[in-house]
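Data first, discussion second: the structure below is written as structure tokens.
The values are calculated or read from the model by the stated rules, or taken from the named source; none is laboratory data. Everything numeric in this text was worked out from a predicted model, so none of it was measured. Ideal geometry is used to build each Cβ from the backbone, glycine not excepted, and the neighbour counts take in all protein chains shown.
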């Protein structure tokens, strides 16, 4: 059964006292794009881009959005750029439990429920779990109750020494993958809450996995799996993450659906036995 809650909104990521020029320059430099290249992308001129960045020219609302699009600025930060330029935010931030998102909630629930018995969940921009299927709750059976108090956080549950970490057979490799994933997101989104979460989970001690039976035959994996012990067996999963195309709402833009595909025949067989 899925869990669906309204996740806390992430904090604004743009300093309120900066004008739109310095903010745009910061995003351009972060994306390693020259003024000339950005001008060509946005059908403008390097001179005009320079004037905007130095405050000598006030960009139109359309120009702010055009530059933000070509710099791949996250939706939340596009609102911050508009505010800094003196315009109203363009993209709403609708609570996930709002009736307006009812169809979206129902669709996500159908999607992750239909993926059972394999694990699937939906997380927000800081990895708070907003929906999960029975495949996920199965893996959390042995996690202490205090770690399951809301809001559930996927990174904490996975890397905490009293969470899933002791049961993950390839913990050091999987931990390195998750931390690198967060680093890439921090570079893209400039999110202070995400940075704080990263620093927290990166500081967790790394427990040594308990001894467990190895698979009978080595399996050639096509991507790094998460190998986790469950009921004395090792289950192997490949993770896949999906987001929504061209979102027009901050909440929707920051949702991600993560599914765990069985990485070997033994995992498929065991999970099918559990639900038969």
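For residue 135, the conditions (1) crowded, with 21+ Cβ neighbours inside 10 Å; (2) within 16 Å of the chain's Cα centre (by Cα) all hold with the exception of (2).
Go through (1) under 21 Å from residue 236 (Cα atoms); (2) touching a strand residue (DSSP E or B) at 6+ places or on another chain (Cβ under 9 Å); (3) surrounded by 14 or more Cβ atoms within 10 Å (Cβ to Cβ) and name the single condition residue 141 misses. Residue 141 satisfies all of (1) under 21 Å from residue 236 (Cα atoms); (2) touching a strand residue (DSSP E or B) at 6+ places or on another chain (Cβ under 9 Å); (3) surrounded by 14 or more Cβ atoms within 10 Å (Cβ to Cβ) except (3). Against the numbered list (1) modelled with pLDDT under 95; (2) under 30 Å from residue 43 (Cβ atoms); (3) surrounded by fewer than 20 Cβ atoms within 10 Å (Cβ to Cβ); (4) in contact with a helix residue (DSSP H, G or I) (Cβ under 8 Å, 6 or more places away or on another chain), residue 117 comes up short only at (2). Scanning the stretch 178-207 for residues that are over 26 Å from residue 26 (Cα atoms), at pLDDT below 95 and out of contact with any helix residue (DSSP H, G or I) (no Cβ under 8 Å at 6 or more places or on another chain) yields a single hit, 205. For the stretch 144-180, the candidate set comprises residues that are under 19 Å from residue 108 (Cβ atoms) and in contact (Cβ under 8 Å) with a residue 60 or more places away in the chain; within that set, the residue that is surrounded by the fewest Cβ atoms within 10 Å (Cβ to Cβ) is 150. Listed by position, the helices (runs of 4 or more DSSP H) inside the stretch 38-106 whose residues that are under 28 Å from the mean Cα position of the chain (by Cα) and within 23 Å of residue 252 (Cα to Cα) number at least 3 are 61-70, 75-84.
Listed here are the residues, each with its yes/no results for (1) more than 30 Å from residue 105 (Cβ to Cβ); (2) modelled with pLDDT of 95 or more.
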residue	(1), (2)
16	yes, no
39	yes, yes
61	yes, yes
69	no, yes
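Considering the stretch 226-253, the residues that are under 28 Å from residue 95 (Cβ atoms) and surrounded by 14 or more Cβ atoms within 10 Å (Cβ to Cβ) include one that is modelled with the lowest pLDDT, namely 247. Filtering the stretch 71-106 to residues that are in contact with a helix residue (DSSP H, G or I) (Cβ under 9 Å, 6 or more places away or on another chain) and farther than 21 Å from residue 190 by Cα leaves 86, 87, 88, 94, 95, 96, 97, 98, 101, 104.
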